[in-house]
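*Asks:* Quick one: this structure, given as C-alpha coordinates, is what I'll be asking you about.
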Amino acid sequence: MFNTGITEKFRQIRTPFYYYDLGLLNATISRCLQEADRHGFYLHYALKANSNAKILDLISSNGLGADCVSGNEVSMALAHGFPAGRIVFAGVGKTDDELRLALGSGIQSINVESLQEMEVIHGLASAMDKKARISLRIIPNVDAHTHRHITTGLEENKFGILPWQFDAVLDRLRSLDRLELQGLHFHIGSQITDLDVFKSLCDRVNEINSWFTEQGFTADIINVGGGLGVDYGEPDKCSIPDFESYFRIFSDLVELHGRQQLHFEPGRAIVAQCGSLISTVLFIKEAVNTSFAIIDAGMNDLIRPALYQSYHKIQNLTSTGKKRKYDVVGPVCESSDCFGKSVILCETKRGDLIAIRSTGAYGQTMASRYNLRDLAAEVYSDGI
Ligand code: LLP
(Lines give C-alpha, C1' and ligand atoms only; values in the text may rest on other atoms or scores of the structure.)
Protein backbone atom coordinates (compact mmCIF):
# COMPACT_ATOMS: atom_id res chain seq x y z
CA MET A 1 0.00 0.00 0.00
CA PHE A 2 2.88 2.37 0.70
CA ASN A 3 5.46 2.98 -2.00
CA THR A 4 8.48 5.25 -1.47
CA GLY A 5 6.67 8.12 -3.22
CA ILE A 6 3.92 8.12 -0.61
CA THR A 7 6.39 7.69 2.23
CA GLU A 8 8.34 10.74 1.02
CA LYS A 9 5.11 12.74 1.01
CA PHE A 10 4.29 11.49 4.52
CA ARG A 11 7.59 12.99 5.68
CA GLN A 12 6.23 16.47 4.88
CA ILE A 13 3.15 16.00 7.09
CA ARG A 14 3.00 16.46 10.84
CA THR A 15 2.39 13.14 12.58
CA PRO A 16 0.38 11.43 13.91
CA PHE A 17 -2.29 11.43 11.23
CA TYR A 18 -4.81 9.05 9.73
CA TYR A 19 -4.19 8.29 6.09
CA TYR A 20 -7.09 7.10 3.93
CA ASP A 21 -6.63 5.34 0.60
CA LEU A 22 -9.68 6.49 -1.35
CA GLY A 23 -8.93 4.12 -4.21
CA LEU A 24 -9.34 1.18 -1.86
CA LEU A 25 -12.39 2.72 -0.23
CA ASN A 26 -14.03 3.16 -3.65
CA ALA A 27 -13.17 -0.39 -4.65
CA THR A 28 -14.57 -1.73 -1.36
CA ILE A 29 -17.83 0.19 -1.70
CA SER A 30 -18.22 -0.99 -5.32
CA ARG A 31 -17.66 -4.63 -4.41
CA CYS A 32 -20.05 -4.42 -1.48
CA LEU A 33 -22.75 -2.79 -3.62
CA GLN A 34 -22.22 -5.23 -6.47
CA GLU A 35 -22.64 -8.25 -4.19
CA ALA A 36 -25.63 -6.74 -2.33
CA ASP A 37 -27.33 -5.70 -5.58
CA ARG A 38 -27.07 -9.25 -6.87
CA HIS A 39 -29.65 -10.22 -4.23
CA GLY A 40 -31.62 -6.95 -4.10
CA PHE A 41 -30.35 -6.12 -0.60
CA TYR A 42 -30.30 -2.64 0.93
CA LEU A 43 -27.30 -1.14 2.72
CA HIS A 44 -27.04 1.38 5.54
CA TYR A 45 -23.48 2.41 6.32
CA ALA A 46 -22.83 2.46 10.10
CA LEU A 47 -21.49 5.96 10.74
CA LYS A 48 -19.99 4.97 14.07
CA ALA A 49 -17.15 3.24 12.22
CA ASN A 50 -15.96 6.45 10.59
CA SER A 51 -17.85 9.71 10.21
CA ASN A 52 -15.29 11.90 8.44
CA ALA A 53 -17.07 14.29 6.08
CA LYS A 54 -15.16 13.19 3.00
CA ILE A 55 -15.79 9.51 3.67
CA LEU A 56 -19.48 10.12 4.27
CA ASP A 57 -19.77 12.14 1.05
CA LEU A 58 -18.21 9.29 -0.89
CA ILE A 59 -20.41 6.64 0.68
CA SER A 60 -23.65 8.61 0.32
CA SER A 61 -22.84 9.47 -3.31
CA ASN A 62 -22.74 5.72 -3.97
CA GLY A 63 -26.33 5.45 -2.84
CA LEU A 64 -25.98 3.74 0.54
CA GLY A 65 -28.30 4.63 3.40
CA ALA A 66 -27.06 5.36 6.93
CA ASP A 67 -27.21 3.61 10.29
CA CYS A 68 -26.95 6.08 13.17
CA VAL A 69 -26.74 5.73 16.94
CA SER A 70 -26.99 9.34 18.10
CA GLY A 71 -28.80 12.52 17.15
CA ASN A 72 -25.49 13.99 16.02
CA GLU A 73 -24.93 11.05 13.70
CA VAL A 74 -28.41 11.57 12.24
CA SER A 75 -27.61 15.28 11.66
CA MET A 76 -24.23 14.38 10.19
CA ALA A 77 -25.79 11.82 7.84
CA LEU A 78 -28.38 14.36 6.67
CA ALA A 79 -25.69 17.02 6.17
CA HIS A 80 -23.64 14.63 4.03
CA GLY A 81 -26.20 13.58 1.52
CA PHE A 82 -27.89 10.53 3.03
CA PRO A 83 -31.61 10.91 2.26
CA ALA A 84 -33.77 10.97 5.40
CA GLY A 85 -35.78 8.08 3.99
CA ARG A 86 -32.67 5.87 4.05
CA ILE A 87 -31.53 6.65 7.62
CA VAL A 88 -32.15 4.30 10.54
CA PHE A 89 -31.53 5.24 14.16
CA ALA A 90 -30.74 2.64 16.85
CA GLY A 91 -29.43 2.87 20.42
CA VAL A 92 -30.55 1.79 23.88
CA GLY A 93 -30.49 5.29 25.34
CA LYS A 94 -31.92 7.88 22.99
CA THR A 95 -32.77 11.21 24.61
CA ASP A 96 -36.08 12.99 24.01
CA ASP A 97 -34.22 15.63 21.96
CA GLU A 98 -32.67 12.95 19.78
CA LEU A 99 -36.04 11.28 19.27
CA ARG A 100 -37.66 14.61 18.37
CA LEU A 101 -34.90 15.21 15.83
CA ALA A 102 -35.53 11.77 14.32
CA LEU A 103 -39.28 12.30 14.21
CA GLY A 104 -38.93 15.81 12.79
CA SER A 105 -36.56 14.81 10.02
CA GLY A 106 -38.67 11.91 8.82
CA ILE A 107 -36.02 9.22 8.87
CA GLN A 108 -36.80 5.73 7.66
CA SER A 109 -36.99 4.05 11.03
CA ILE A 110 -36.31 4.49 14.72
CA ASN A 111 -35.06 1.15 15.97
CA VAL A 112 -36.77 0.74 19.33
CA GLU A 113 -34.95 -1.16 22.04
CA SER A 114 -37.53 -1.40 24.86
CA LEU A 115 -41.21 -1.23 25.71
CA GLN A 116 -40.67 1.97 27.63
CA GLU A 117 -38.96 3.58 24.65
CA MET A 118 -41.99 2.68 22.50
CA GLU A 119 -44.24 4.55 24.90
CA VAL A 120 -41.95 7.58 25.04
CA ILE A 121 -41.78 7.74 21.23
CA HIS A 122 -45.56 7.50 21.06
CA GLY A 123 -45.88 10.44 23.48
CA LEU A 124 -43.37 12.57 21.57
CA ALA A 125 -44.96 11.72 18.21
CA SER A 126 -48.42 12.69 19.53
CA ALA A 127 -47.08 16.01 20.81
CA MET A 128 -45.55 16.67 17.38
CA ASP A 129 -48.65 15.38 15.61
CA LYS A 130 -46.57 12.85 13.72
CA LYS A 131 -46.55 9.14 13.01
CA ALA A 132 -43.40 7.33 14.11
CA ARG A 133 -42.05 4.59 11.88
CA ILE A 134 -40.34 2.10 14.13
CA SER A 135 -38.49 -1.18 13.94
CA LEU A 136 -38.16 -3.51 16.88
CA ARG A 137 -34.58 -4.26 17.78
CA ILE A 138 -34.63 -7.86 18.86
CA ILE A 139 -32.16 -9.91 20.84
CA PRO A 140 -31.90 -13.18 18.90
CA ASN A 141 -29.62 -14.80 21.47
CA VAL A 142 -26.99 -15.77 18.91
CA ASP A 143 -23.37 -15.83 20.07
CA ALA A 144 -21.22 -13.85 17.64
CA HIS A 145 -17.99 -15.53 18.84
CA THR A 146 -16.20 -12.22 18.94
CA HIS A 147 -14.71 -10.06 21.72
CA ARG A 148 -17.16 -9.82 24.64
CA HIS A 149 -17.11 -6.00 24.48
CA ILE A 150 -18.55 -6.07 20.96
CA THR A 151 -21.04 -8.90 21.36
CA THR A 152 -24.55 -7.47 21.29
CA GLY A 153 -27.02 -10.23 20.47
CA LEU A 154 -27.05 -12.27 23.68
CA GLU A 155 -29.71 -12.32 26.38
CA GLU A 156 -27.36 -10.69 28.89
CA ASN A 157 -26.61 -7.73 26.59
CA LYS A 158 -28.36 -4.42 27.15
CA PHE A 159 -29.55 -4.13 23.55
CA GLY A 160 -32.99 -4.82 22.18
CA ILE A 161 -36.16 -6.63 23.13
CA LEU A 162 -36.20 -10.20 24.39
CA PRO A 163 -38.57 -12.82 22.91
CA TRP A 164 -40.50 -13.20 26.19
CA GLN A 165 -41.43 -9.53 25.87
CA PHE A 166 -42.93 -9.89 22.36
CA ASP A 167 -46.52 -10.45 23.53
CA ALA A 168 -46.44 -7.34 25.66
CA VAL A 169 -44.87 -5.34 22.83
CA LEU A 170 -47.56 -6.37 20.34
CA ASP A 171 -50.24 -5.64 22.90
CA ARG A 172 -48.96 -2.11 23.34
CA LEU A 173 -48.44 -1.65 19.59
CA ARG A 174 -52.14 -2.33 19.01
CA SER A 175 -53.06 0.64 21.18
CA LEU A 176 -50.20 3.07 20.47
CA ASP A 177 -51.69 4.45 17.29
CA ARG A 178 -48.84 6.89 16.58
CA LEU A 179 -46.46 3.98 16.05
CA GLU A 180 -46.20 2.20 12.74
CA LEU A 181 -44.26 -1.08 12.91
CA GLN A 182 -42.04 -1.11 9.89
CA GLY A 183 -39.30 -3.57 10.58
CA LEU A 184 -37.51 -6.14 12.69
CA HIS A 185 -33.91 -5.28 13.49
CA PHE A 186 -31.07 -7.55 14.63
CA HIS A 187 -27.38 -6.87 15.25
CA ILE A 188 -25.39 -9.54 17.03
CA GLY A 189 -21.91 -8.05 17.20
CA SER A 190 -18.91 -6.82 15.33
CA GLN A 191 -15.69 -8.21 13.80
CA ILE A 192 -17.39 -11.53 13.10
CA THR A 193 -15.01 -13.76 11.14
CA ASP A 194 -16.78 -17.09 11.54
CA LEU A 195 -19.46 -16.85 8.86
CA ASP A 196 -21.39 -19.77 10.40
CA VAL A 197 -22.48 -17.30 13.06
CA PHE A 198 -24.52 -15.51 10.40
CA LYS A 199 -26.17 -18.83 9.49
CA SER A 200 -27.37 -19.13 13.10
CA LEU A 201 -28.62 -15.57 12.90
CA CYS A 202 -30.61 -16.42 9.76
CA ASP A 203 -32.32 -19.33 11.57
CA ARG A 204 -33.37 -17.09 14.43
CA VAL A 205 -34.51 -14.34 12.05
CA ASN A 206 -36.74 -16.88 10.26
CA GLU A 207 -38.28 -18.10 13.52
CA ILE A 208 -38.93 -14.61 14.83
CA ASN A 209 -40.15 -13.22 11.52
CA SER A 210 -42.63 -16.12 11.20
CA TRP A 211 -43.88 -15.57 14.71
CA PHE A 212 -44.63 -11.89 14.02
CA THR A 213 -46.33 -12.74 10.72
CA GLU A 214 -48.49 -15.33 12.48
CA GLN A 215 -49.55 -12.63 14.93
CA GLY A 216 -50.66 -10.44 12.02
CA PHE A 217 -47.62 -8.12 11.94
CA THR A 218 -45.66 -8.58 8.74
CA ALA A 219 -42.76 -6.16 8.87
CA ASP A 220 -41.76 -4.56 5.56
CA ILE A 221 -38.11 -4.59 6.48
CA ILE A 222 -35.87 -7.22 8.02
CA ASN A 223 -32.63 -5.56 9.07
CA VAL A 224 -29.84 -7.96 10.06
CA GLY A 225 -27.35 -5.30 11.20
CA GLY A 226 -23.62 -5.27 10.52
CA GLY A 227 -20.74 -7.24 11.90
CA LEU A 228 -18.78 -8.66 8.97
CA GLY A 229 -15.17 -8.79 10.12
CA VAL A 230 -11.99 -7.81 8.31
CA ASP A 231 -8.58 -9.47 8.15
CA TYR A 232 -6.39 -7.47 10.53
CA GLY A 233 -3.55 -9.94 10.00
CA GLU A 234 -3.30 -9.53 6.22
CA PRO A 235 -4.53 -6.06 5.27
CA ASP A 236 -2.79 -6.16 1.89
CA LYS A 237 -3.72 -9.70 0.82
CA CYS A 238 -7.32 -9.40 2.03
CA SER A 239 -7.99 -5.73 1.59
CA ILE A 240 -11.64 -6.25 0.59
CA PRO A 241 -13.83 -8.47 2.79
CA ASP A 242 -15.60 -11.48 1.34
CA PHE A 243 -18.91 -9.75 0.66
CA GLU A 244 -19.85 -12.46 -1.83
CA SER A 245 -19.97 -15.29 0.74
CA TYR A 246 -21.48 -13.03 3.37
CA PHE A 247 -24.47 -11.91 1.33
CA ARG A 248 -24.93 -15.37 -0.18
CA ILE A 249 -25.55 -16.82 3.28
CA PHE A 250 -28.45 -14.44 3.85
CA SER A 251 -29.77 -14.90 0.33
CA ASP A 252 -29.77 -18.68 0.75
CA LEU A 253 -31.12 -18.82 4.27
CA VAL A 254 -33.39 -15.91 5.14
CA GLU A 255 -37.01 -16.60 4.26
CA LEU A 256 -38.65 -13.32 3.39
CA HIS A 257 -42.43 -13.03 3.48
CA GLY A 258 -44.16 -11.36 0.54
CA ARG A 259 -42.49 -8.08 -0.35
CA GLN A 260 -40.20 -7.93 2.67
CA GLN A 261 -36.82 -6.30 2.05
CA LEU A 262 -33.52 -7.38 3.59
CA HIS A 263 -31.33 -4.57 4.98
CA PHE A 264 -27.74 -4.56 6.28
CA GLU A 265 -25.65 -2.14 8.33
CA PRO A 266 -21.98 -2.66 7.49
CA GLY A 267 -19.44 -0.34 9.14
CA ARG A 268 -16.03 -1.88 9.65
CA ALA A 269 -16.16 -3.97 6.46
CA ILE A 270 -16.46 -0.80 4.37
CA VAL A 271 -13.84 1.46 5.95
CA ALA A 272 -11.36 -0.48 8.12
CA GLN A 273 -8.77 -1.44 5.52
CA CYS A 274 -8.52 1.92 3.76
CA GLY A 275 -7.15 3.67 6.86
CA SER A 276 -3.73 3.65 8.52
CA LEU A 277 -2.47 5.60 11.49
CA ILE A 278 0.87 7.13 10.54
CA SER A 279 3.25 8.02 13.32
CA THR A 280 6.90 8.96 13.91
CA VAL A 281 9.29 7.08 16.20
CA LEU A 282 10.34 9.43 18.99
CA PHE A 283 12.72 7.21 20.91
CA ILE A 284 14.08 3.71 21.09
CA LYS A 285 14.51 2.59 24.66
CA GLU A 286 16.28 -0.60 25.63
CA ALA A 287 14.64 -2.29 28.60
CA VAL A 288 14.45 -5.63 30.38
CA ASN A 289 13.94 -8.33 27.71
CA THR A 290 12.60 -5.85 25.18
CA SER A 291 13.18 -2.67 23.20
CA PHE A 292 10.47 -0.04 23.28
CA ALA A 293 9.76 1.85 20.08
CA ILE A 294 8.05 4.94 21.47
CA ILE A 295 5.95 6.61 18.80
CA ASP A 296 4.07 9.90 18.69
CA ALA A 297 0.62 8.27 18.31
CA GLY A 298 -1.08 7.22 21.52
CA MET A 299 -4.05 5.26 22.82
CA ASN A 300 -6.03 8.49 22.57
CA ASP A 301 -5.62 8.27 18.77
CA LEU A 302 -6.38 4.56 18.55
CA ILE A 303 -7.87 2.88 21.59
CA ARG A 304 -8.69 -0.53 20.09
CA PRO A 305 -5.52 -2.35 21.25
CA ALA A 306 -5.93 -1.04 24.81
CA LEU A 307 -9.67 -1.62 24.99
CA TYR A 308 -10.08 -4.92 23.16
CA GLN A 309 -6.48 -6.20 23.04
CA SER A 310 -6.99 -6.04 19.31
CA TYR A 311 -4.24 -6.78 16.82
CA HIS A 312 -3.24 -4.26 14.18
CA LYS A 313 -0.40 -4.91 11.78
CA ILE A 314 2.46 -2.47 12.38
CA GLN A 315 5.06 -1.59 9.75
CA ASN A 316 8.16 0.54 9.66
CA LEU A 317 7.78 2.46 6.39
CA THR A 318 11.26 3.90 6.25
CA SER A 319 13.65 1.13 7.26
CA THR A 320 14.91 -1.90 5.40
CA GLY A 321 17.30 -2.93 8.17
CA LYS A 322 17.40 -6.38 9.65
CA LYS A 323 14.39 -7.58 11.60
CA ARG A 324 14.16 -7.07 15.36
CA LYS A 325 11.46 -7.27 17.99
CA TYR A 326 9.95 -4.16 19.59
CA ASP A 327 7.16 -3.28 21.94
CA VAL A 328 5.50 -0.43 20.07
CA VAL A 329 4.10 2.04 22.59
CA GLY A 330 2.67 5.55 22.68
CA PRO A 331 3.45 8.54 24.88
CA VAL A 332 0.30 8.41 27.06
CA CYS A 333 0.77 7.96 30.81
CA GLU A 334 -0.61 4.43 31.02
CA SER A 335 0.98 1.06 30.44
CA SER A 336 -2.08 0.11 28.39
CA ASP A 337 -0.84 2.60 25.78
CA CYS A 338 0.73 -0.20 23.79
CA PHE A 339 0.00 -0.98 20.12
CA GLY A 340 1.79 -4.31 20.02
CA LYS A 341 4.23 -6.45 21.98
CA SER A 342 7.17 -8.27 20.36
CA VAL A 343 6.33 -6.73 17.00
CA ILE A 344 8.83 -7.67 14.31
CA LEU A 345 10.04 -4.55 12.53
CA CYS A 346 13.02 -3.69 10.39
CA GLU A 347 15.71 -2.10 12.58
CA THR A 348 13.93 0.97 13.92
CA LYS A 349 15.40 4.34 14.91
CA ARG A 350 14.28 7.81 15.96
CA GLY A 351 12.55 9.58 13.07
CA ASP A 352 11.31 6.45 11.29
CA LEU A 353 7.71 6.43 10.07
CA ILE A 354 5.40 3.75 11.43
CA ALA A 355 2.07 2.67 9.93
CA ILE A 356 -0.58 1.03 12.13
CA ARG A 357 -2.79 -0.68 9.61
CA SER A 358 -6.54 -1.35 9.27
CA THR A 359 -7.50 1.64 11.36
CA GLY A 360 -10.14 3.20 9.11
CA ALA A 361 -12.92 1.83 11.33
CA TYR A 362 -13.29 2.74 15.00
CA GLY A 363 -10.00 4.64 14.92
CA GLN A 364 -10.72 8.33 14.55
CA THR A 365 -14.31 7.99 15.77
CA MET A 366 -13.09 6.63 19.11
CA ALA A 367 -10.24 9.13 19.55
CA SER A 368 -10.10 11.38 22.58
CA ARG A 369 -8.01 14.26 23.85
CA TYR A 370 -6.76 12.30 26.86
CA ASN A 371 -3.60 13.89 28.28
CA LEU A 372 -4.78 17.03 26.41
CA ARG A 373 -3.22 15.66 23.28
CA ASP A 374 -4.20 17.09 19.91
CA LEU A 375 -6.50 15.00 17.75
CA ALA A 376 -4.74 13.33 14.84
CA ALA A 377 -5.40 14.98 11.48
CA GLU A 378 -6.85 13.15 8.48
CA VAL A 379 -5.04 12.92 5.16
CA TYR A 380 -6.52 11.50 1.96
CA SER A 381 -4.76 9.81 -0.92
CA ASP A 382 -6.14 12.39 -3.37
CA GLY A 383 -4.72 15.28 -1.34
CA ILE A 384 -1.01 14.51 -1.16
N1 LLP B 1 -25.47 -1.81 13.48
C2 LLP B 1 -25.49 -1.66 14.81
C3 LLP B 1 -26.78 -1.57 15.48
C4 LLP B 1 -24.29 -1.60 15.53
O5 LLP B 1 -24.33 -1.47 16.86
C6 LLP B 1 -23.06 -1.69 14.85
C7 LLP B 1 -21.79 -1.64 15.57
C8 LLP B 1 -23.08 -1.83 13.45
C9 LLP B 1 -24.31 -1.89 12.80
C10 LLP B 1 -21.83 -1.90 12.63
O11 LLP B 1 -21.08 -3.02 12.92
P12 LLP B 1 -19.80 -3.39 12.02
O13 LLP B 1 -20.26 -3.71 10.65
O14 LLP B 1 -18.91 -2.19 12.02
O15 LLP B 1 -19.20 -4.51 12.74
N16 LLP B 1 -15.66 -0.15 18.66
C17 LLP B 1 -15.66 -1.55 18.33
C18 LLP B 1 -16.83 -1.93 17.46
C19 LLP B 1 -18.17 -1.57 18.05
C20 LLP B 1 -19.33 -1.88 17.14
C21 LLP B 1 -20.58 -1.29 17.65
N22 LLP B 1 -21.73 -1.52 16.84
C23 LLP B 1 -14.33 -1.93 17.69
O24 LLP B 1 -13.46 -1.07 17.56
O25 LLP B 1 -14.11 -3.09 17.36
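The values are calculated or read from the model by the stated rules, or taken from the named source; none is laboratory data. What you see is a predicted model; the values in this text were computed from it and never measured. Backbone-built Cβ (ideal geometry, glycine too); neighbour counts: all protein chains shown.
*Asks:* Wholly within the range 304-365, which strands (runs of 3 or more DSSP E) include no fewer than the required count, namely at least 1 residues that are within 16 Å of the ligand (Cβ to nearest atom)?
*Replies:* Of the strands (runs of 3 or more DSSP E) lying wholly inside the range 304-365, those with at least 1 residues that are within 16 Å of the ligand (Cβ to nearest atom) span 338-346, 353-356.
*Asks:* Answer with yes or no whether S190 is of a type in the set (S, T, Y) and either away from the ligand (no atom under 16 Å from the Cβ) or over 27 Å from P241 (Cα atoms) (or both).
*Replies:* no
*Asks:* To continue, here is another question. Does any residue of the range 77-85 turn out to be within 15 Å of the ligand (Cβ to nearest atom) and modelled with pLDDT of 95 or more?
*Replies:* yes
*Asks:* Something else now. For the range 163-201, enumerate the residues that are free of Cβ contacts under 8 Å to residues at least 24 places away in the same chain and either surrounded by 16 or more Cβ atoms within 10 Å (Cβ to Cβ) or within 27 Å of G267 (Cα to Cα) (or both).
*Replies:* Matches in the range 163-201: D196 only.
*Asks:* Within the range 258-273, can one find any residue that is part of a loop (DSSP other than H, G, I, E, B), at pLDDT 95 or above, within 10 Å of the ligand (Cβ to nearest atom) and of a type in the set (D, E, K, R)?
*Replies:* yes
*Asks:* Here are some conditions: (1) more than 15 Å from the ligand (Cβ to nearest atom); (2) closer than 26 Å to I150 by Cα; (3) surrounded by fewer than 18 Cβ atoms within 10 Å (Cβ to Cβ); (4) in contact (Cβ under 8 Å) with a residue 12 or more places away in the chain. R204 meets all but one. Which one does it not meet?
*Replies:* Unmet condition: (3).
*Asks:* If you go through the range 146-162, how many residues are exposed (fewer than 15 other Cβ atoms within 10 Å of the Cβ) and assigned to a loop (DSSP other than H, G, I, E, B)?
*Replies:* Residues flagged as exposed (fewer than 15 other Cβ atoms within 10 Å of the Cβ) and assigned to a loop (DSSP other than H, G, I, E, B) within the range 146-162 amount to 4.
*Asks:* If you go through the range 372-383 one residue at a time, do you hit one that is away from the ligand (no atom under 16 Å from the Cβ), assigned to a strand (DSSP E or B) and basic (K, R)?
*Replies:* no
*Asks:* Do we find a residue being under 17 Å from H263 (Cα atoms), assigned to a helix (DSSP H, G or I) and aliphatic (A, V, I, L, M) anywhere in the range 14-28?
*Replies:* No.
*Asks:* Out of the range 310-358, which residues are in contact with a His (Cβ under 8 Å, 6 or more places away or on another chain) and free of Cβ contacts under 8 Å to residues at least 40 places away in the same chain?
*Replies:* G340
*Asks:* Return the residue satisfying two criteria in turn: it lies in the range 216-230 and is more than 10 Å from H263 (Cα to Cα) and part of a loop (DSSP other than H, G, I, E, B), and of such residues it is farthest from the ligand (Cβ to nearest atom).
*Replies:* G216
*Asks:* Confirm whether D129 is free of Cβ contacts under 8 Å to residues at least 24 places away in the same chain, away from the ligand (no atom under 15 Å from the Cβ) and either farther than 26 Å from I87 by Cβ or polar (S, T, N, Q) (or both).
*Replies:* Considered against the rule, which asks whether it is free of Cβ contacts under 8 Å to residues at least 24 places away in the same chain, away from the ligand (no atom under 15 Å from the Cβ) and either farther than 26 Å from I87 by Cβ or polar (S, T, N, Q) (or both), D129 comes out as no.
*Asks:* Also: Find all pairs meeting these conditions: Cβ atoms under 7 angstrom apart; at least six residues apart or on different chains; first residue within the range 147-162 and at positive phi; second residue within 8 Å of the ligand (Cβ to nearest atom).
*Replies:* Final answer for the pair search is G160/R137.
*Asks:* Checking the conditions here, which among T146, T218 is out of contact with any Cys (no Cβ under 8 Å at 6 or more places or on another chain) and either within 29 Å of K131 (Cβ to Cβ) or hydrophobic (A, V, I, L, M, F, W, C) (or both)?
*Replies:* Going through T146, T218 in turn, the sole match is T218.
*Asks:* Also, I was wondering about something else. Any idea which of (1) in the same structural domain as Y362 (by TED's automatic domain parsing); (2) exposed (fewer than 15 other Cβ atoms within 10 Å of the Cβ) is the one Q215 doesn't satisfy?
*Replies:* Status for Q215: all satisfied but (1).
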